[in-house]
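Asker: Provided herewith is a single structure, encoded as structure tokens, for subsequent inquiry.
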Ligand code: C5P
């Protein structure tokens, strides 16, 4: 069986405070995008085997996809095992939920492969115990994520727009970004309710201009090029540009594929990963 694991971007990301469990209370506008990893799942008599096309990725319980398979087999009392092969297209440690979406696709795919009929809701509960972004990756589309990110409130789909993703060649761990956030005041919060109204009104350009990610200034202290990349995306015709998640990927929103493709050319050859994709329902 073959499944696709789509990446996400954050159209906005707000942090309301630190919770008793140490996580941060967030309000994030999440959007699935066309960029996806491809995963094959094959039943084997027992155990879990994982391969990827990236030699630096762990293939044991340090990999979220492996842990998702382990949790699924235990939860459903499935005695057979699974062999998984992940063809990664999503940049790793990029703020695009690459690891979370692989785990989500494994949960959904194994449920189909073994005919176990767990509800979406149960799959989201299981996924939420592995990582805060996994429930959104299971449901996809456009949504508001609250709590530590695992509470999903679906929103109407955005009109399709094109995206240029630029990922600088650095990786900063999510916990490090959240810890650094705790040391500083948040200067500018997004108006999430107003952004939701723009999504409901299908006003992409209004949305694009008012996107805010409170983790962006924090990530900029580690990678000063973030603001430079954002401004360059805007000068190349993006109707809005922001960092996704805890970074460091910066995305620009374009109305046509041609505009996005032309802008992407201006970013190539500088050591960054540059990807043209689109939003996905
Ligand atoms: O949920 P997930 O395992 O993806 O989170 C990774 C890390 O990011 C957490 O261990 C925590 O340090 C940080 N985090 C947070 N608040 C959130 C989500 C993640 O502090 N809402």
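The values are calculated or read from the model by the stated rules, or taken from the named source; none is laboratory data. The structure presented is a predicted model; accordingly, all values stated were derived computationally and were not measured. Cβ coordinates were reconstructed from backbone atoms using ideal geometry, including for glycine residues, and neighbour counts include every protein chain displayed.
Asker: Scanning segment 160-189 for residues that are touching a helix residue (DSSP H, G or I) at 6+ places or on another chain (Cβ under 6 Å) and touching a residue at least 60 places away in the same chain (Cβ under 8 Å), which turns out nearest to residue 16 (Cα to Cα)?
Answerer: Checking each candidate, the answer is 181.
Asker: Could you tell me whether any residue of segment 206-216 is closer than 22 Å to residue 5 by Cβ and within 16 Å of the ligand (Cβ to nearest atom)? Lay out the reasoning, then the answer.
Answerer: Filtering segment 206-216 for residues closer than 22 Å to residue 5 by Cβ gives none.
Taking every residue of segment 206-216 in turn, none turns out to be closer than 22 Å to residue 5 by Cβ and within 16 Å of the ligand (Cβ to nearest atom).
Asker: What tally of residues in segment 225-240 results from selecting those that are within 19 Å of the chain's Cα centre (by Cα) and in contact (Cβ under 8 Å) with a residue 24 or more places away in the chain?
Answerer: 2
Asker: Looking at residue 232, is it under 20 Å from residue 31 (Cα atoms) and not assigned by TED's automatic domain parsing to the domain that holds residue 148?
Answerer: So residue 232 fails the test.
Residues checked against (1) at pLDDT below 95; (2) buried (at least 18 other Cβ atoms within 10 Å of the Cβ); (3) more than 21 Å from residue 82 (Cα to Cα); (4) within 11 Å of the ligand (Cβ to nearest atom):
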{"residue": "127", "(1), (2), (3), (4)": "no, yes, no, yes"}
{"residue": "130", "(1), (2), (3), (4)": "no, yes, no, yes"}
{"residue": "134", "(1), (2), (3), (4)": "no, yes, no, yes"}
{"residue": "143", "(1), (2), (3), (4)": "no, yes, yes, no"}
{"residue": "150", "(1), (2), (3), (4)": "no, yes, yes, yes"}
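Asker: Can you list residue pairs whose Cβ atoms sit under 7 Å apart, with the first residue in segment 127-153 being outside the structural domain of residue 246 (by TED's automatic domain parsing) and closer than 21 Å to residue 279 by Cβ and the second being modelled with pLDDT under 95 and away from the ligand (no atom under 11 Å from the Cβ)? Count only pairs 6 or more apart in sequence or on different chains.
Answerer: Close Cβ pairs satisfying both conditions: 141/281.
Asker: Further question on the same structure: If residue 192 passes every condition in (1) away from the ligand (no atom under 11 Å from the Cβ); (2) in contact with a helix residue (DSSP H, G or I) (Cβ under 9 Å, 6 or more places away or on another chain) but one, which one does it miss?
Answerer: The one condition residue 192 does not meet is (2).
Asker: Could I ask something else about it? Could you pull out the residue among 176, 89 that is closer than 29 Å to residue 220 by Cα, within 18 Å of the chain's Cα centre (by Cα) and loosely packed, with under 15 Cβ neighbours inside 10 Å?
Answerer: Going through 176, 89 in turn, just one is closer than 29 Å to residue 220 by Cα, within 18 Å of the chain's Cα centre (by Cα) and loosely packed, with under 15 Cβ neighbours inside 10 Å: 176.
Asker: Here is a further query. Between 43, 91, which is over 30 Å from residue 186 (Cα atoms), assigned by TED's automatic domain parsing to the domain that holds residue 117 and away from the ligand (no atom under 13 Å from the Cβ)?
Answerer: Numbers: 91 fails: over 30 Å from residue 186 (Cα atoms).
Being over 30 Å from residue 186 (Cα atoms), assigned by TED's automatic domain parsing to the domain that holds residue 117 and away from the ligand (no atom under 13 Å from the Cβ) holds for just one of 43, 91, which is 43.
Asker: Filtering segment 95-140 down to residues that are touching a strand residue (DSSP E or B) at 6+ places or on another chain (Cβ under 6 Å) and outside any helix (DSSP H, G or I), which residue is nearest to residue 243 (Cα to Cα)?
Answerer: 96
Asker: Where residues in segment 101-125 are without any contact (Cβ under 8 Å) to a residue 40 or more places away in the chain and under 18 Å from residue 61 (Cβ atoms), which of them is nearest to the ligand (Cβ to nearest atom)?
Answerer: Among residues in segment 101-125 that are without any contact (Cβ under 8 Å) to a residue 40 or more places away in the chain and under 18 Å from residue 61 (Cβ atoms), the one nearest to the ligand (Cβ to nearest atom) is 103.
Asker: Let me ask something else about it. What number of residues within segment 17-37 satisfy the criterion of being more than 15 Å from the chain's Cα centre (by Cα) and more than 10 Å from the ligand (Cβ to nearest atom)?
Answerer: 2
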